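A short worksheet on the structure shown next.
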Amino acid sequence: MGAGLLLLGDSRLPAGGHAHSGGLENAVARGEVHDLDTLTDFLLGRLYGTGAVQAAFAACAALAAGPYALDADGPWGELDTELDARTPSAPARASSRAQGRSLRRVARAAWPEEPWTALGVSPHHAVVLGAAASRARLDARGAAVLAATNTVNGPASAAVKLLSFDPIAVTVVLAEMAGHCDQVADEAAEAASTVMSDGDWDRLPAWSSPGLDMCAELHAREEVVHFAS
Amino acid sequence: MHRQGFPPVVPGSRPLRIGIGGPVGSGKTALVAALCRALAGRVSLAVVTNDIYTTEDADFLRAAGVLDPDRIAAVQTGCCPHTAVRDDISGNLDAVEDLEAAHADLELVVIESGGDNLTMTFSRGLADVQLFVIDVSGGDKVPRKGGPGVTRSDLLVVNKTDLAPHVGADLSVMARDAERMRPGTPVLFLSLRGEPGAAPVTDWVLAQLAAWREGNTVPVADAALGGGPGGGQPVDTPAAAG
């Protein structure tokens with residue numbers, strides 16, 4: 001695992017992540033997350049729900065892209081449709097595509113020779129993350145690690161801003177989360193490997209996260225919000 | 001290898017993007033509204049507003065009747081107004097590109113930042129040209145405090161000059177300090193209360209737009225700015241340098 005992991009995992013990557021709380025802002029607004037324990041619960045739920053799904057799709061995209069080039073004939077349409085089907089909330093789909101659009105802009109600039117048009121203008125974030133990971137010489141598991149950690153790091157950072165938590169205390173939470181991220185990434189990479197060899201998309205993780213779907217729906221109905229999601 | 005932005009900017013090839021930054025309450029939104037009024041019917045424009053006052057600001061512009069609602073876009077900044085216009089401009093770029101795609105006749109996009117402090121600047125990847133708005137009620141020491149917003153903006157606007165006598169601000173001190181902190185770059189004194197049209201700023205914007213349309217890089221110095229204090233409010237200071 002090389003420097004590409006740090007490049008794409010850096011929270012300063014200018015791909016729009018800073019403006020997304022992943023449902024945390026709404027959970028805070030409704031009082032569901034109010035201390036470090038409830039934050040930890042929120043992050044674990046997010047990781048093992050949508051995080052596991054995002055990680056598997058990122059791993060598939062990394063495999064589809066290939067180690068040295070983005071395969072324009074890859075199963076991009078299938079991945080897009082399958083992830084849509086696993087994201088029942090329309091605002092959550094929009095958030096995923098907004099972040100995908102921003103990340104694609106960065107990836108196109110970094111690796112302009114690749115046919116990024118194959119992914120569409122607003123691909124799901126996990127899919128373009130996997131493709132970019134491949135281009136940064138990461139394997140499928142590396143892509144899965146990126147996607148898994150991404151689902152907890154963003155909300156954790158948002159919690160520091162919204163609830164005035166001690167950033168060191170939140171880092172302790174994330175440190176405890178790292179082992180879970182690795183576990184999710186292991187399973188995601190394995191699932192992706194199987195599915196990409198037999199094409200049976202139904203075998204990709206399809207964990208639902210109704211609580212997060214609720215957060216996304218309610219957030220989209222708020223008049224004034226600090227975060228885009 | 002000569003490195004360029006992404007994508008490389010070709011002056012005139014797309015609408016001009018103007019950034020308006022400045023501290024909370026300095027009059028950014030009022031200035032945007034004034035620009036919209038002054039340019040209505042002359043320039044096809046759209047506005048991107050940033051941050052938690054988004055809804056209120058957008059409503060302000062809509063209520064002023066100066067812009068169709070479909071020409072106003074709102075961006076959330078995740079509690080980091082400066083990040084959204086400087087370090088990670090994704091959300092604003094998306095908004096600008098969507099407006100450009102929706103309005104083929106667009107000539108000018110005004111991007112108003114959320115209120116921040118004197119360190120705020122726009123990335124050159126987002127704004128082709130930028131102005132920074134401060135006001136006299138923050139005290140006449142603000143220009144000499146410096147900060148990238150004051151020293152590196154293409155135009156510094158000192159707003160609410162009508163309040164100067166009431167807050168004990170010496171405009172000549174502000175003008176002298178501003179000239180020292182940003183030699184050779186323009187400063188305009190403005191009172192939107194006295195001159196709702198913000199004529200001097202409008203002239204500056206039109207000068208940038210004219211240069212851009214002709215395929216020139218911006219900012220350009222504007223000779224029209226040398227004529228005296230802005231905002232129709234006589235003040236005993238050299239209002240502009242540049």
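Listed values, structure above:
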item: Subset of the range B:177-194 (residues that are open to solvent by 40 Å² or more (accessible area, probe 1.4 Å), free of Cβ contacts under 8 Å to residues at least 60 places away in the same chain and part of a helix (DSSP H, G or I)); result: B:Arg180, B:Met181
item: Filter result (assigned to a loop (DSSP other than H, G, I, E, B), touching a Phe, Trp or Tyr at 6+ places or on another chain (Cβ under 6 Å) and surrounded by fewer than 23 Cβ atoms within 10 Å (Cβ to Cβ)) within the range B:1-52; result: B:Pro11, B:Gly12
item: Wholly within the range B:78-160, helices (runs of 4 or more DSSP H) carrying at least 2 residues that are within 14 Å of chain A (Cβ to nearest Cβ); result: B:90-102
item: The range A:109-125, subset farther than 20 Å from A:Pro75 by Cβ and in a helix (DSSP H, G or I), residue least open to solvent (accessible area, probe 1.4 Å); result: A:Ala109
item: Evaluation of A:Leu218 against (1) closer than 30 Å to B:Ala73 by Cα; (2) over 18 Å from the mean Cα position of the chain (by Cα); (3) touching a residue at least 60 places away in the same chain (Cβ under 8 Å); (4) within 14 Å of chain B (Cβ to nearest Cβ) (one fails), failing number; result: (4)
item: Count - residues of the range A:183-214 that are assigned to a helix (DSSP H, G or I) and open to solvent by less than 70 Å² (accessible area, probe 1.4 Å); result: 14
item: Set A:Ala58, A:Ala98, A:Ala85, A:Ala69: member being surrounded by 17 or more Cβ atoms within 10 Å (Cβ to Cβ), among the aliphatic types (A, V, I, L, M) and away from chain B (no Cβ under 14 Å); result: A:Ala58
item: Qualifying residue in the range B:208-222 (condition: assigned to a loop (DSSP other than H, G, I, E, B), open to solvent by less than 30 Å² (accessible area, probe 1.4 Å) and modelled with pLDDT of 70 or more); result: yes
item: Candidates B:Leu99, B:Leu67, B:Leu106 - the one that is surrounded by 15 or more Cβ atoms within 10 Å (Cβ to Cβ), touching a residue at least 24 places away in the same chain (Cβ under 8 Å) and in contact with a Pro (Cβ under 7 Å, 6 or more places away or on another chain); result: B:Leu106
item: Residues of the range B:124-175 classified as open to solvent by 30 Å² or more (accessible area, probe 1.4 Å) and hydroxyl-bearing (Ser, Thr, Tyr), total; result: 3
item: Whichever residue in the range A:181-198 is without any contact (Cβ under 8 Å) to a residue 24 or more places away in the chain and more than 16 Å from the chain's Cα centre (by Cα) and, among such residues, is nearest to A:Leu162 (Cα to Cα); result: A:Glu190
item: The range A:1-31: number of residues that are part of a loop (DSSP other than H, G, I, E, B) and in contact (Cβ under 8 Å) with a residue 40 or more places away in the chain; result: 12
item: Number of the exception - B:Ala104 against (1) at pLDDT below 90; (2) among the small types (Gly, Ala, Ser); (3) over 28 Å from A:Gly22 (Cβ atoms); result: (1)
item: Pairs, first on the phi > 0 side of the Ramachandran plot in the range B:13-26, second open to solvent by 10 Å² or more (accessible area, probe 1.4 Å) and assigned to a strand (DSSP E or B), C-beta under 9 Å, six or more apart; result: B:Gly22/B:Asp116; B:Gly22/B:Asp135; B:Gly25/B:Asp135
item: Which numbered condition A:Ala90 misses (of (1) more than 24 Å from A:Glu187 (Cα to Cα); (2) open to solvent by 40 Å² or more (accessible area, probe 1.4 Å); (3) at pLDDT 95 or above; (4) within 14 Å of chain B (Cβ to nearest Cβ)); result: (4)
item: Candidates A:Glu176, A:Glu217, A:Glu223 - the one that is surrounded by 15 or more Cβ atoms within 10 Å (Cβ to Cβ) and among the charged types (D, E, K, R); result: A:Glu217
item: Condition broken by B:Val201, with the remaining ones in (1) under 23 Å from B:Pro11 (Cβ atoms); (2) surrounded by fewer than 21 Cβ atoms within 10 Å (Cβ to Cβ) satisfied; result: (2)
item: Filter result for A:Gly142 (surrounded by fewer than 23 Cβ atoms within 10 Å (Cβ to Cβ) and more than 14 Å from chain B (Cβ to nearest Cβ)); result: no
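The values are calculated or read from the model by the stated rules, or taken from the named source; none is laboratory data. Being a predicted model, the structure only gives us computed values, none of them experimental. Here Cβ is always computed from backbone atoms with ideal geometry, including for glycine, and neighbour counts include all displayed protein chains. Protein only, heavy atoms only, side chains kept; ligands, DNA and RNA dropped before computing areas. Shrake-Rupley method; radii C 1.70, N 1.55, O 1.52, S 1.80 Å.
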